[in-house]
Structure formats: structure tokens, C-alpha cells
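Report on one structure; see the data block that follows.
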Amino acid sequence: MAANVPLLLQAVSFTILLTAAAVCDIRGRIIPDLLCAGIALTSLLAFEPENLAGALIAVIPLVIARFFGGIEGGDIKLMAASGLVLGFRQSLAAAILSFTAFAVFSCIYILIRKARGGDTEQKPYPLAPFLSLGCLAAYFLF
């Protein structure tokens with residue numbers, strides 16, 4: 001049972017820190033570096049060298065930010081830090097889940113606004129809630 005304590009601590013810490021990142025992004029459109037650092041440190045609770053490859057998944061939002069905009073540095077750092085916890089396979093699943101959830105939300109939001117006769121101008125949405133959702137789903141389900 002003692003061997004499960006680090007994994008339990010990691011799961012609880014990861015969940016709390018990702019939730020805090022989502023709340024900060026919703027409230028102030030910023031993800032504090034301290035939260036990203038905390039997530040990265042959480043990876044040490046059950047560290048596997050192959051988890052380092054998980055940080056490479058941050059290249060996905062980096063490329064999106066470079067060519068399409070709309071993603072800022074905090075989102076990229078959040079994915080890199082989460083990748084250290086998740087590893088490559090789970091990070092890839094997290095990215096797919098996160099961006100799929102974001103795309104579905106955006107489409108539904110635009111359709112509702114259009115149906116109500118509101119403007120459909122593209123507005124910036126906080127991405128951390130979707131990244132957090134995808135990362136937690138990947139952590140607990142895969």
C-alpha cells in the first residue's frame with residue numbers, strides 16, 4: 001500500500017493544480033508560472049525517464065500559436081508541465097481530447113450566438129479549462 005502513496009499524492013496534486021490553472025485562466029486570462037512549475041514538480045512523485053517525452057506534446061499548441069494565434073505562453077507551459085506527468089502517449093491523448101472539447105465548445109457557442117442573432121465574431125476563450133479537462137481525462141482513463 002505504501003507504494004501507492006506517491007501515485008495518490010500525484011493524482012491529488014495534479015488535479016488541484018490543473019483546476020487552479022483553469023480557474024485562473026477563466027478569471028484573469030493568465031496561468032501563473034508557479035502553477036506550471038508545481039505541475040512539473042508533481043511529475044517527480046512518480047517519475048519515469050520516458051515521461052520527459054511527454055513535454056514534447058507542447059509543440060502542438062506552440063505550432064498552433066505560431067501559425068494561427070490564439071494560444072499564449074501559459075497554455076504552452078501548462079501542456080509541457082502536464083506532459084512531464086503524463087508521458088508521451090497520455091499527453092497525446094490529452095491534446096486530442098483538449099482540442100476536440102475546445103472545438104466542440106466553440107462551434108456550439110457560435111451556433112447559439114448566431115441563433116440568438118448575436119454577433120459571431122471570434123472571441124478569445126480561456127484554453128486552460130479544456131487543457132485541464134483533457135489532461136485529467138488522459139491521466140485517469142488511459
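One table, with the values for the structure above:
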quantity	calculated
Test set (1) in contact (Cβ under 8 Å) with a residue 40 or more places away in the chain; (2) open to solvent by less than 40 Å² (accessible area, probe 1.4 Å); (3) out of contact with any Asp or Glu (no Cβ under 8 Å at 6 or more places or on another chain) - Gly74 fails condition number	(3)
Test: residue in the stretch 24-33 that is touching a residue at least 60 places away in the same chain (Cβ under 8 Å), of a type in the set (A, V, I, L, M, F, W, C) and either in a helix (DSSP H, G or I) or open to solvent by 50 Å² or more (accessible area, probe 1.4 Å) (or both)	yes
Failed criterion for Ser82 (all others in (1) farther than 24 Å from Asp33 by Cβ; (2) open to solvent by less than 40 Å² (accessible area, probe 1.4 Å); (3) among the hydroxyl-bearing types (Ser, Thr, Tyr) hold)	(1)
Meets criteria (closer than 16 Å to Phe88 by Cα, under 18 Å from the mean Cα position of the chain (by Cα) and part of a helix (DSSP H, G or I)) for Ile64	no
Search result, residues across the stretch 99-130 that are out of contact with any Cys (no Cβ under 8 Å at 6 or more places or on another chain) and touching a residue at least 60 places away in the same chain (Cβ under 8 Å)	Pro124, Pro126, Leu127, Pro129
Some residue of the stretch 4-19 being within 17 Å of Ala93 (Cα to Cα), open to solvent by 70 Å² or more (accessible area, probe 1.4 Å), modelled with pLDDT under 95 and not aliphatic (A, V, I, L, M)	no
Filtered residues of the stretch 94-141 (kept if of a type in the set (Gly, Ala, Ser), more than 10 Å from the chain's Cα centre (by Cα) and crowded, with 20+ Cβ neighbours inside 10 Å)	Ala138
Residue ID - nearest to Leu84 (Cα to Cα), chosen from residues in the stretch 115-136 that are modelled with pLDDT of 85 or more and hydroxyl-bearing (Ser, Thr, Tyr)	Ser132
Flag for Val104 being under 28 Å from Leu9 (Cβ atoms), modelled with pLDDT of 95 or more and of a type in the set (A, V, I, L, M, F, W, C)	no
Boolean, Cys36 is open to solvent by less than 20 Å² (accessible area, probe 1.4 Å) and either in contact with a Lys or Arg (Cβ under 9 Å, 6 or more places away or on another chain) or at pLDDT 95 or above (or both)	yes
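The values are calculated or read from the model by the stated rules, or taken from the named source; none is laboratory data. Because the structure is predicted, anything quoted here is derived from the model rather than measured. Cβ coordinates were reconstructed from backbone atoms using ideal geometry, including for glycine residues, and neighbour counts include every protein chain displayed. Just the protein is used for accessible areas: all its heavy atoms, side chains included, with ligands, DNA and RNA removed. Shrake-Rupley method; radii C 1.70, N 1.55, O 1.52, S 1.80 Å.
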